[in-house]
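K.L.:
Before anything else, here's the structure in question.
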Amino acid sequence: MRALAEQTTPIPSVTDADPAARIRAFVDRDYRQVVATVALVCGSTATAEDAVQEALARAWEQTARGYTIERFPAWITTVALNLARSQMRRWRSERRARSRLQATRFEGHDATAASGDAYAVRQALLALPRRQREVTVLRYYLGLDVRTIAEHLRIAEGTVKAMLFRARQSLAEALDDGSDDA
């Protein structure tokens, strides 16, 4: 909610008189990339689509109340990532509760749904701690520089660099097939 307050102002903008046009422009230009980014962070395309659509609905509500969202794609991405994280926390809580009730743990991943290397990379990304996964996806999928990532996640640039270093090490170990062939 703090991010929402920092990126909105209570003064309506003359250039944003039609919020529907701004949302349509976002959907045409940025929607797929934001959904793909959120999906890489949370591990589910369906969850990512739901989160981005909810973020769009919240943007509509904010503009209807007279707020101006300065950096629309960044705002949508931030809100969608927060919504996806919340969903993932709920799922983890539900999974823990089910595991207490059942002797066996439910595994929600279907190895046949993805193929070969892409599946291995996705699984390796999902095995990373949340912040390392976020930093890695923002750096290597969206191509953001360290400074932008630090600003977006509100952490120090040195922290971003350290997380990227650790994430690369973890990914290298996870994706190493054990062969010495180059």
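K.L.:
Roughly how big is the stretch 115-182's charge dipole about its Cα centre, with Cβ charges of +1 (Lys, Arg) and -1 (Asp, Glu), in debye to the nearest 20? Spell out each step's value before the answer.
P.N.:
Working: 10 positive and 10 negative charges, 111 e Å.
The dipole magnitude comes to about 540 debye.
K.L.:
What distance in nm lies between label points placed 7 Å from Cα along the C-beta direction at Q123 and R166?
P.N.:
Roughly 2.4 nm, to one decimal.
K.L.:
Over the stretch 115-182, what number does the Rg to Rh ratio reach, with both radii from the alpha-carbon atoms and Rh per Kirkwood?
P.N.:
Working: Rg = 13.0 Å, Rh = 12.6 Å.
Rg/Rh for the stretch 115-182 comes to 1.03.
K.L.:
Suppose R0 equals 25 Å; then what is the FRET efficiency for R89 and Q33 from their Cβ-Cβ distance, rounded to the nearest 0.05? All intermediate terms of the calculation are to be shown ahead of the outcome.
P.N.:
Numbers: r = 25 Å, r/R0 = 0.99.
For R0 = 25 Å, the calculated efficiency reads 0.50.
The numbers here are math on the coordinates, done by the rules we state, and not lab data. What you see is a predicted model, and the numbers here were worked out from it, not measured in a lab. All Cβ positions, even for glycine, are placed from backbone atoms using ideal geometry, and neighbour counts span all protein chains on display.
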